[in-house]
Protein chains: 2
Amino acid sequence: MDTTNKLIAAAERLFDRHGFVATGMDRLTEAAGMSSRTLYKHAGSKTQLMACILGERDRRFMARLDVGTVEALFKVLDDWIRIEGTRGCLFLRSNAETGGDTPEIAEAVRMHKTAFQNQVARIVATDLGHEDPEIAEQILVLFEGATHAAIYRGEGAVRAAQSAAATLIERARS
Amino acid sequence: MDTTNKLIAAAERLFDRHGFVATGMDRLTEAAGMSSRTLYKHAGSKTQLMACILGERDRRFMARLDVGTVEALFKVLDDWIRIEGTRGCLFLRSNAETGGDTPEIAEAVRMHKTAFQNQVARIVATDLGHEDPEIAEQILVLFEGATHAAIYRGEGAVRAAQSAAATLIERARS
DNA sequence: TGCTATGTAAAACGATCGTTTTATATATGG
DNA sequence: CCATATATAAAACGATCGTTTTACATAGCA
């Protein structure tokens, strides 16, 4: 694992577990096992590092989202939470922590959420056989809700979302 | 408006808009229009102030949640967002920013989410005429989802959640 | 052999963090 | 009228913030 990847992995983990602002660069250099000089050579600045981490997470998350049914969509979330843990949406958290005032971060969040929304709409269209923006928005809300309710309700929140989605899809089909 | 209330109002606003950790005490004293000595006399510490703000928000939010139908539940959220804005759940955000490591904050969040969950279950039971834990969990997920999806999707997310909830309730009734 | 790239360790930068202190001012009520 | 409570302004506390710098080590390649 090269230096950049070690840095990204450590940063994503610390930002996710302890928050972006609360995670200091000293803690980061220690966790990444590199000097601060090397860290800044690779990352540029903390803001750039945050934006980079969001880009990486977007890539990793969206790669998993390439499914064809709504049921599979919620299976993706279930797997994700099992592997990555359940601390809410890192994109919305980064935006909230910076008050939406950091352009590079706000832009990364906007890009991700747009891609996510489009992908959900595509999955719903594939599953139903035709586009349905209203159902797509409902499914998106269920996904976002499961992501955040799972923080305090556990995996049951994902199962509830999945079963609610099944009801909505079934009704939309007939 | 007395000193304590001025402090609470300013703190809730700044914490919500700019994040808990990123909001410094100097910025807070200025916004609250009081010296740091007075602030600490009233608040004790930043952690205590955060816990206090969460308690206040819980009181204010839960007071609005005293409704008898699921439709009214989402009307409450719609009103809330119109009045208070849409930056996600302040409780989950406070927990994420502190990594869940601050007992007073983690406890305030736990208390609020338990009360919220119970209230949703009660509303669903009232609306359906009988308890239904599975539907209640689905409605809770929809509410949490609307809260967070509204950040980037606007009020349409709340309407989508409300209409999805109506479908689920209607189906549960027959 | 020497240049370049890439790394480390450690100190230092000014700024800001949360918090406390010192020194006064101003009301209120017995 | 004088104590008490409650406020202010402003400086200072040590710690930590994000970032840069200085000085040095190692490896690959010309």
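Couple of notes before you dig in:
- The one condition in (1) free of Cβ contacts under 8 Å to residues at least 12 places away in the same chain; (2) more than 16 Å from DNA strand C (Cβ to nearest atom); (3) within 11 Å of chain B (Cβ to nearest Cβ) that A:PRO103 fails to fulfil: (3)
- Residue satisfying condition, being assigned to a helix (DSSP H, G or I), more than 12 Å from DNA strand D (Cβ to nearest atom), touching a helix residue (DSSP H, G or I) at 6+ places or on another chain (Cβ under 6 Å) and at pLDDT 95 or above, within set B:ALA63, B:ALA11: B:ALA11
- Single unsatisfied condition, B:ILE53 versus (1) within 15 Å of DNA strand C (Cβ to nearest atom); (2) of a type outside the set (S, T, N, Q); (3) not assigned by TED's automatic domain parsing to the domain that holds B:ARG87: (3)
- Helices (runs of 4 or more DSSP H) enclosed by region B:77-174 - at least 3 residues per element that are aliphatic (A, V, I, L, M) and open to solvent by 30 Å² or more (accessible area, probe 1.4 Å): B:103-128
- Failed item, numbered, when A:ALA157 is tested on (1) without any contact (Cβ under 8 Å) to a residue 12 or more places away in the chain; (2) facing chain B (nearest Cβ under 8 Å): (1)
- So B:ASP132, is it modelled with pLDDT of 95 or more and closer than 21 Å to A:GLN162 by Cβ: yes
- Residue within region B:86-105 that is farther than 25 Å from A:HIS18 by Cβ and at pLDDT 95 or above present: yes
- The listed residue being more than 16 Å from DNA strand C (Cβ to nearest atom), more than 14 Å from every other protein chain (Cβ to nearest Cβ) and of a type in the set (A, V, I, L, M), out of A:MET62, A:MET25: A:MET62
- Qualifying residue in region B:22-44 (condition: touching a helix residue (DSSP H, G or I) at 6+ places or on another chain (Cβ under 6 Å), over 21 Å from B:ALA161 (Cβ atoms) and away from DNA strand D (no atom under 15 Å from the Cβ)): no
- Contacts under 8 angstrom Cβ, first residue in region A:34-48 being away from chain B (no Cβ under 14 Å), partner near DNA strand C (Cβ under 6 Å from one of its atoms), 6 or more apart: A:MET34/A:THR3; A:THR38/A:THR3; A:HIS42/A:THR3
The values are calculated or read from the model by the stated rules, or taken from the named source; none is laboratory data. Just so we're clear, the structure is a prediction, and the values are computed from it rather than from any experiment. FYI the Cβ positions are ideal-geometry reconstructions off the backbone, even for glycines, and counts take in every protein chain you see. Surface areas here come from the heavy atoms of the whole protein model, side chains and all, with no ligands, DNA or RNA. Shrake-Rupley method; radii C 1.70, N 1.55, O 1.52, S 1.80 Å.
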